[in-house]
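The values are calculated or read from the model by the stated rules, or taken from the named source; none is laboratory data. This is a predicted model, so every value here is computed, not measured. All Cβ positions, glycine included, derive from the backbone under ideal geometry; neighbour counts span all protein chains shown. Areas reflect the complete protein model, heavy atoms only, side chains present, ligands, DNA and RNA absent. Shrake-Rupley method; radii C 1.70, N 1.55, O 1.52, S 1.80 Å.
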Amino acid sequence: MKILMVCLGNICRSPIAEGVLQHKADKAGRNWLVDSAGTFDFHAGESPHHLSIKVALENGVDIRHQKARPFKANDFDDFDIIYAMADDVMQGIKKIAGDKFTPKKAMLFLDELNPGKGEDLKDPYYGPEKGFHEVYELINSTCDVIIEKYQSIP
Ligand code: 4NP
């Protein structure tokens, strides 16, 4: 299974989500590929935010190898599930994907944790380190749900 995590810059939230889900999938023996992208391209080629790297490493997940890349319409051909970290991200995904947008593949990330609530994973970019820890905890819990939900898919 191929899963894509998408946020705005691909430097704060989605790199953590990619790292955490890939780590859990590998540990569970799943042959999953997890990637991430951003709906804005102004951080393309950059490493994740230093606080995303720090918080992930403190939790045993190394995301230092990642490089930001823009979301593209063809990602709907290449991935089975595309998670948007927030509603503004989902709007960006729709705009970029155009005709390729496939509703059954695209989902708000936190809807896995709290179904039907339509919650956004808040952008920690402008805030203090605490925001990155909060984001990490929500991502960790949500990825546990995803691992459980798709346990039949090797
Ligand atoms: P992300 O956070 O979408 O979680 O990567 C952001 C990173 C950068 C900016 C906004 C959000 N920015 O405006 O540069």
Assuming R0 = 22 Å, what is the FRET efficiency of LYS104 and ASN31, from their Cβ-Cβ distance, to the nearest 0.05? 0.50
Select from ALA25, ALA56, ALA73 the residue whose mean-square fluctuation is largest in a Gaussian network model of the chain (Cα-Cα springs shorter than 10 Å). ALA73
Ignoring ligands and nucleic acids, SER141 exposes an accessible area, probe 1.4 Å, in Å² to the nearest 10, of 50 Å²
Specify the residue with the greatest mean-square fluctuation among GLU112, GLU129, GLU18, computed from a Gaussian network of the chain linking alpha-carbon atoms under 10 Å apart. GLU129
Could you give the longest part of the chain that holds none of the chymotrypsin sites (Phe, Trp or Tyr not before Pro) found in DSSP loops with at most 13 neighbouring Cβ atoms within 10 Å? 43-125
How would MET85, MET90 rank on accessible area, largest to smallest, probe 1.4 Å? MET90, MET85
Given charges at beta-carbon only (K, R positive; D, E negative), |dipole| of segment 36-154 in Debye: 280 debye
Just by accessible area at a 1.4 angstrom probe, what is the order of ILE153, ILE147, ILE139 from largest to smallest? ILE153, ILE147, ILE139
Put +1 on the Cβ of every Lys and Arg and -1 on every Asp and Glu Cβ in segment 55-142; which of LEU121, VAL55, MET90 then has its Cα farthest towards the positive end of the dipole? MET90
Using a 1.4 angstrom probe with every protein chain in place, what is the largest-first accessible-area order of ASP41, ASP35, ASP87, ASP75? ASP41, ASP87, ASP35, ASP75
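Sort the chain into rounded, prolate or oblate with this rule: let a ≥ b ≥ c be the square roots of the eigenvalues of the Cα gyration tensor; rounded if a/c is under 1.5, and if a/c is not under 1.5, prolate when a/b is larger than b/c, oblate otherwise. Before the final figure, lay out the partial values.
Values: a/c = 1.35, a/b = 1.08, b/c = 1.25.
Here the chain falls in the rounded category.
In whole percent, what relative contact order does the chain give with Cα contacts below 8 Å and a gap of six or more residues? Intermediate results must be reported in sequence, preceding the final value.
Working: 290 pairs, mean separation 42.5, N = 154.
Rounded, it is 28 percent for the chain.
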The chain, helix-only ellipticity at 222 nm - DSSP H runs n ≥ 4, -39,500 (n - 2.57), divided by all residues, nearest 500: -12000 deg cm²/dmol
